[in-house]
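Each value in this text was obtained by applying a stated rule to the coordinates, not by laboratory testing. No experiment lies behind these values; they were computed from the predicted model shown. Cβ coordinates were reconstructed from backbone atoms using ideal geometry, including for glycine residues, and neighbour counts include every protein chain displayed.
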Amino acid sequence: MRRRHDKAQVARDLRALLDQFEDKFVISLATRQDRRLRVRGGFAALGVDMQTAGVKWFDGLRFEEAAGFPNIGVRGCFNSHLALLKECVARSRPMLIMEDDIQFNHSAGEAWSRVLTAPVDWDIAYYGYTTP
């Protein structure tokens, strides 16, 4: 049975994760203030002020045509990530990239703790979702 982390532990893990990166971004369309408000609320619920923590908004890229992608949203998301990854390479330092549908799930806290405490030499870590 998976152990459920409490809110305080998730907050500590989030702060520890944020502290590892100088550059931290949330990809979000500038027009989606509803999503930005929800993201701010998620951070605030854990006692983390995005501005104080240095988390910045990256205005997601928007396209009029899918151009081979399943839809314009997928194209925008892909190209937004790509733009930030190119910036990461140009800056030659680690970068944390999040999307505006991020949720701080208490049951995923154990995975966060393991990653935060493990000596890892990685290029990209994808915290997608966990399946029960």
Distance (nanometres) between label positions extended 7 Å along Cα→Cβ at Gln9 and Lys86: 4.2 nm
For region 1-76, Kirkwood radius (reciprocal of mean inverse C-alpha pair distance, Å): 14.5 Å
